[in-house]
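Enquirer: What follows is a single structure, and I will ask about it in a moment.
The values are calculated or read from the model by the stated rules, or taken from the named source; none is laboratory data. Note that this is a predicted model, so its numbers are computed, not measured. Cβ atoms come from the backbone with ideal geometry, glycine included; neighbour counts cover every protein chain shown. For the accessible areas, the whole protein counts, side chains as well, though only heavy atoms, and no ligand, DNA or RNA atoms are used. Shrake-Rupley method; radii C 1.70, N 1.55, O 1.52, S 1.80 Å.
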Amino acid sequence: MAQLSFNSIGRTYGEFTALSDVNLEIGSGEFICLLGPSGCGKTTLLRILAGLETTTRGAVHLNGEDFSNVPCHQRNIGMVFQSLALFPHLSVGENIAYGLDVRGVDKKARHARAEELTALVGLPGLSDRPVSALSGGQRQRVAIARALAIEPVLFLMDEPFSALDAGLREHLQIEVKKLQRKLGVTTLFVTHDQNEAMSIADRIVILNDGVIEQAGTPTEVYARPQSEFVANFMGTNNVLDVEFVPGADVIWNGISLGRPSGEMATLSGKRKLSVRPEYLQLAPVGTTGTGMLGTVEFVRLLGAQVETELTVAGHRIIDTMISDRPPAFGEGDRAEILIKLDHAWVIPS
Ligand code: ATP
């Protein structure tokens, strides 16, 4: 049985629908990322779970019990928000132990738990320091420790790292993931950053306009998007309007993309094909004679990879390849583009 289930959750504000018929089951110990563009309803869903927001429809169940009418302070949920909301006049230890104090835990036990948590989040020996004398990353750790000190049944984070620089953000993402694995606490993490979601989630729930578009492992949502929105939202992609004819080549804008095999060979009619940039290959014109011809518009180096934007018959195509692997193309060059059809994905219609 799922530990947590959202059953037909709806939330409207006047005429506006922020969430519509959200159904989701979450297992104990899962790390879930709620991902989607600004305004898609991520925070609203998290706030409903925390008891900070009500539903206009549906119910949330925890271990099979309707959770909807349990007041916020009785839900035993640990929360970290973007603003952190630490108490600036209190020390690190006092901040971390705050929730225990409210729950009537005695001073000695509070102190011991605060010491344990400061070490766990990588701040040993800083218990007595005022939070006003900490760096941004250290404050994040205090907020995480404070949320976990109460041994929450659910751990919620809403864009906790968005104010941090890229390096520190990546570092804390890995630490949070390791910590969550160690503690096994069911976690919901809101983000609009696809890379962040891909790197930490067991499952990503992609929301758009208040509706769940897809819920799946990072590999599933990246490699097998169930909608055009997910195909475009999860990383860079080429979504092509193609036509299948059994026994013939796949056609895109009058151009042959090659002969499909396997299940793809049985398809017919107009479909949307998701072709990740890493499954395109560029070659100098005349190399194979079978690739599409395109013009290089823009080249950018992304560390280990180089991303090349091309136009083919007026349409934009993005290719990525390992940066030290020839041939290299420059802006204005013509190139042959080969599609590895076996790695393409037909988006369900
Ligand atoms: P972001 O990434 O920008 O934080 P989000 O996906 O978390 O976005 P929500 O904060 O859940 O989005 O908001 C979803 C929609 O509901 C938005 O269009 C927002 O303006 C609207 N909304 C949220 N709270 C209220 C409210 N109290 N009254 C009216 N509309 C609201």
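Enquirer: Go through (1) without any contact (Cβ under 8 Å) to a residue 40 or more places away in the chain; (2) in contact with a Lys or Arg (Cβ under 7 Å, 6 or more places away or on another chain); (3) crowded, with 16+ Cβ neighbours inside 10 Å for residue 221 and report which single condition fails.
Expert: Here residue 221 meets the rest and fails (2).
Enquirer: Of everything in region 208-232, what is out of contact with any helix residue (DSSP H, G or I) (no Cβ under 6 Å at 6 or more places or on another chain) and within 13 Å of the ligand (Cβ to nearest atom)? Give them in sequence order.
Expert: Within region 208-232, 209, 210, 211, 212 meet the criteria.
Enquirer: Within region 170-188, can one find any residue that is within 16 Å of the ligand (Cβ to nearest atom), out of contact with any helix residue (DSSP H, G or I) (no Cβ under 9 Å at 6 or more places or on another chain) and assigned by TED's automatic domain parsing to the domain that holds residue 20?
Expert: There is no residue in region 170-188 that is within 16 Å of the ligand (Cβ to nearest atom), out of contact with any helix residue (DSSP H, G or I) (no Cβ under 9 Å at 6 or more places or on another chain) and assigned by TED's automatic domain parsing to the domain that holds residue 20.
Enquirer: Now a separate question. Restricted to region 14-33, and to residues that are over 25 Å from residue 182 (Cα atoms) and either within 13 Å of the ligand (Cβ to nearest atom) or not assigned by TED's automatic domain parsing to the domain that holds residue 199 (or both), which residue is surrounded by the most Cβ atoms within 10 Å (Cβ to Cβ)?
Expert: Looking at residues that are over 25 Å from residue 182 (Cα atoms) and either within 13 Å of the ligand (Cβ to nearest atom) or not assigned by TED's automatic domain parsing to the domain that holds residue 199 (or both), I get 19.
Enquirer: Please name all residue pairs, on different chains or six or more residues apart, with Cβ atoms under 8 Å, provided the first residue is in region 153-168 and is closer than 23 Å to residue 41 by Cβ and the second residue is within 14 Å of the ligand (Cβ to nearest atom) and acidic (Asp, Glu).
Expert: 161/196; 162/193
Enquirer: Among the residues of region 34-49, is any open to solvent by 50 Å² or more (accessible area, probe 1.4 Å) and not in a loop (DSSP other than H, G, I, E, B)?
Expert: The answer is yes; a qualifying residue exists.
Enquirer: Residue 56: open to solvent by 60 Å² or more (accessible area, probe 1.4 Å), within 16 Å of the ligand (Cβ to nearest atom) and at pLDDT 85 or above, yes or no?
Expert: Yes.
Enquirer: Considering only strands (runs of 3 or more DSSP E) fully contained in region 265-349, which possess at least 2 residues that are touching a helix residue (DSSP H, G or I) at 6+ places or on another chain (Cβ under 7 Å) and over 28 Å from residue 246 (Cβ atoms)?
Expert: Per the criteria, 315-322.
Enquirer: Please go through (1) more than 16 Å from the ligand (Cβ to nearest atom); (2) under 23 Å from residue 161 (Cβ atoms); (3) modelled with pLDDT under 95; (4) in contact with an Asp or Glu (Cβ under 7 Å, 6 or more places away or on another chain) for residue 82 and return the number of the only condition it doesn't satisfy.
Expert: Among (1) more than 16 Å from the ligand (Cβ to nearest atom); (2) under 23 Å from residue 161 (Cβ atoms); (3) modelled with pLDDT under 95; (4) in contact with an Asp or Glu (Cβ under 7 Å, 6 or more places away or on another chain), the lone unmet condition for residue 82 is (1).
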